[in-house]
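Quick notes on the structure that follows.
The values are calculated or read from the model by the stated rules, or taken from the named source; none is laboratory data. Model, not experiment: these values are computed from the prediction. Cβ: placed from backbone, ideal geometry, glycine included. Neighbour counts: every protein chain shown. Calculation scope for accessible area: heavy atoms of the full protein, side chains included, ligands and nucleic acids excluded. Shrake-Rupley method; radii C 1.70, N 1.55, O 1.52, S 1.80 Å.
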Amino acid sequence: MSWHPQYRSSKFRHVYGKAASKDKCYDCVPITRNVHDNHFCAVNPHFIAVVTECAGGGAFLVIPIHQTGKLDPHYPKICGHKGNVLDIKWNPFNDFVIASCSEDATVKIWDIPKHLLTRNITSPKKELLGHVRRVGLIEWHPTANNILFSSGYDYKIMIWNLDTKEAVISKPVKILDAHKDVVLSMSFNTDGSLLATACRDRKIRLIDPRAGTVLQEASYKSHRVNKVLFLGNMKKLFSTGTSRWNNRQIALWDQNDLSVPLLEEDLDGSSGLLFPFYDSDTHMLYVVGKGDGNIRYYEISPEKPYLNYLMEYRSHLPQKGIGMMPKRGLEVSACEIFRFYKLIPAKSLIEPISMIVPRRSESYQEDIYPLTTAAQPALTAQEWLNGVNKGPLLVSLRPGSGAVNSLPQFPEPEPLVKTPDLSQHQGQGGKVPLESMQKPSEIGDNRKQLKVEESLPKNEQMRLSNGFDVFECPPPKTENELLQVFYRQQEEIRRLRELVTQRDVQIKQLELELRNLCVDTGGY
């Protein structure tokens with residue numbers, strides 16, 4: 001008989017949750033009092049968007065991510081809906097485009113300006129008119145550009161192609177009418193070829209969204225499902241809901257057989273909803289309770305017992321909604337692997353909570369940061385509609401590795417550094433020297449570009465940093481804020497110095513290779 005040890009090796013068994021200090025929270029935010037079961041918060045590396053309480057119609061706030069502290073009570077809103085806003089989602093491939101849906105049965109797409117908001121935005125970029133009752137859920141396709149799914153209280157899921165010039169779109173490209181009740185949750189697999197839904201009729205459905213056919217249906221009596229989630233490429237689904245005895249419950253399902261769950265576990269007797277979040281890079285699953293302050297986290301394994309409990313973050317402040325920062329917005333120098341933004345309406349507060357792997361080394365930890373989803377689409381909308389499937393583009397989170405920008409048409413980060421010596425080093429670093437040796441015409445282009453930058457007024461050069469308008473972050477008002485900006489600049493200078501050193505080494509290596517090649521050819 002083989003002996004199996006009781007302990008399990010894991011890099012994430014000591015992960016802990018760390019709440020941000022008060023000066024790094026967002027205070028005096030009028031968070032919505034709506035009882036709809038949604039996140040009410042959407043985050044990307046540039047902005048945090050939160051549904052707000054307002055009289056007449058619906059509105060939400062878009063706050064620059066570094067603008068922490070007290071919010072101005074007259075801060076501008078995005079307020080073009082005639083009914084309460086029920087869901088908001090950032091475009092995964094453009095950090096300046098957000099979608100919202102509302103009780104007024106419309107979905108609106110908004111362009112957020114790069115500069116600081118000075119007045120309310122009331123006119124959307126696009127308006128989607130197709131639902132006849134309120135729209136409760138929206139989801140962007142994970143790999144195809146400008147494909148949006150919306151679900152309404154008319155029991156229909158509509159697929160929209162936003163790659164059109166029309167400002168008002170009244171015809172979706174596809175309508176999925178496989179549900180007999182309200183859809184409570186939608187989730188895509190990794191390449192977006194399958195859609196899992198949880199419905200108020202207590203059934204989980206696995207749907208081919210382009211064909212509109214239901215591939216699998218679960219009607220397990222003892223698990224009343226509320227939220228469903230694809231677990232990356234694990235070929236499994238995770239659901240949260242309630243048991244027959246009204247206990248909060250989680251369940252794990254095989255994607256190819258939804259007749260009986262692989263695992264079923266009661267958590268507690270609370271009445272709040274459970275929001276699941278999955279990190280496919282670390283295979284960690286987070287379960288966030290609405291109405292309480294707890295965040296439970298697990299590690300998923302392909303074999304039994306499938307779900308390995310790690311720890312629970314506890315707080316006395318209950319959350320109404322929750323936002324999640326994409327991996328490209330995390331602080332890798334602090335070994336941060338996940339970040340939540342917790343909505344606390346009782347205190348009008350948004351509190352960031354970082355999930356951290358305790359490590360002593362300050363260097364980049366490659367084992368906990370595998371290649372992650374890039375901010376660039378793998379497919380066009382038309383390619384996906386024509387039946388093409390493709391996984392997401394991947395990028396490294398290592399500082400200075402040339403992460404994919406969410407807006408490729410914006411200027412590149414390197415040429416926009418203030419000091420001319422540094423920008424010259426960066427223009428010569430990385431992969432550029434080899435290409436410039438192969439194509440001498442590019443040297444002239446680079447020199448012209450540097451001359452253009454030098455001829456720009458100083459204020460124009462200062463405005464852009466890393467392809468982003470620094471005026472979006474207001475000037476520091478207190479001594480603490482000034483110190484924060486100072487330390488942030490010091491960290492940026494240190495990172496740029498490291499980058500220059502790395503590129504100097506690469507230049508020397510390329511020079512040696514060229515010298516060796518010249519010696520070899522001379523020998524022959």
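Side notes on the structure shown:
- Residue match in region 20-42 (condition: within 27 Å of H131 (Cβ to Cβ), modelled with pLDDT of 95 or more, buried (at least 19 other Cβ atoms within 10 Å of the Cβ) and touching a Phe, Trp or Tyr at 6+ places or on another chain (Cβ under 8 Å)): yes
- Residues of region 272-285 that are closer than 16 Å to N226 by Cα, in contact with a Lys or Arg (Cβ under 8 Å, 6 or more places away or on another chain) and not aliphatic (A, V, I, L, M): G272, F275, P276.
- Residues located in region 226-250, provided they are more than 16 Å from M186 (Cα to Cα) and either touching a helix residue (DSSP H, G or I) at 6+ places or on another chain (Cβ under 8 Å) or touching a residue at least 60 places away in the same chain (Cβ under 8 Å) (or both): M234
- Among the residues of region 237-257, the one identified as of a type in the set (V, I, T) and open to solvent by 10 Å² or more (accessible area, probe 1.4 Å) is T242.
- Qualifying position, being at pLDDT 95 or above, in a strand (DSSP E or B) and open to solvent by 20 Å² or more (accessible area, probe 1.4 Å), among K89, K108: K89
- Residue, most open to solvent (accessible area, probe 1.4 Å), within region 224-233, restricted to residues that are over 14 Å from R200 (Cβ atoms) and at pLDDT 90 or above: L229
- Check on D95, of a type in the set (D, E) and assigned to a strand (DSSP E or B): no
- Residue pairs whose Cβ atoms lie under 8 Å apart, separated by 6 or more positions or on different chains, with the first residue in region 251-272 and closer than 23 Å to E303 by Cβ and without any contact (Cβ under 8 Å) to a residue 40 or more places away in the chain and the second among the aliphatic types (A, V, I, L, M) and in a loop (DSSP other than H, G, I, E, B), are D254/L262.
Conditions tested, residue by residue: (1) polar (S, T, N, Q); (2) under 30 Å from S348 (Cβ atoms); (3) within 27 Å of the chain's Cα centre (by Cα).
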| residue | (1), (2), (3) |
| --- | --- |
| L252 | no, no, yes |
| E265 | no, no, no |
| S271 | yes, yes, no |
| P276 | no, yes, yes |
| S280 | yes, no, yes |
| V287 | no, yes, yes |
| E299 | no, no, yes |
| Y313 | no, yes, yes |
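- Looking only at region 201-227, and only at residues there that are assigned to a loop (DSSP other than H, G, I, E, B) and among the charged types (D, E, K, R), the one that is nearest to K180 (Cα to Cα): D201
- Scanning region 152-173 for residues that are in contact with a Leu (Cβ under 9 Å, 6 or more places away or on another chain), of a type outside the set (A, V, I, L, M, F, W, C) and free of Cβ contacts under 8 Å to residues at least 40 places away in the same chain gives a single hit, K156.
- Qualifying strands (runs of 3 or more DSSP E) (wholly inside region 258-306; at least 3 residues being open to solvent by 40 Å² or more (accessible area, probe 1.4 Å)): 263-268
- Within region 131-144, if we keep just the residues that are of a type outside the set (D, E, K, R) and open to solvent by 30 Å² or more (accessible area, probe 1.4 Å), the residue that is nearest to V183 (Cα to Cα) turns out to be V132.
- Residues in region 366-388 that are over 21 Å from the mean Cα position of the chain (by Cα) and polar (S, T, N, Q) were compared, and the one that is nearest to I147 (Cα to Cα) is Q382.
- When each of E481, E460, E454 is tested for being at pLDDT below 80, open to solvent by less than 90 Å² (accessible area, probe 1.4 Å) and in contact with a helix residue (DSSP H, G or I) (Cβ under 8 Å, 6 or more places away or on another chain), the lone residue that passes is E481.
- All of (1) open to solvent by 10 Å² or more (accessible area, probe 1.4 Å); (2) touching a residue at least 60 places away in the same chain (Cβ under 8 Å) hold for L343 with one exception: (1).
- Residues being closer than 21 Å to T380 by Cβ and open to solvent by less than 20 Å² (accessible area, probe 1.4 Å) - total across region 194-213: 2
- Residue pairs whose Cβ atoms lie under 8 Å apart, sitting 6 or more positions apart in sequence or on different chains, and linking a residue in region 116-130 that is of a type in the set (S, T, N, Q) to a partner that is open to solvent by 40 Å² or more (accessible area, probe 1.4 Å) and at pLDDT 90 or above, are N120/K77; N120/C79; T122/C79.
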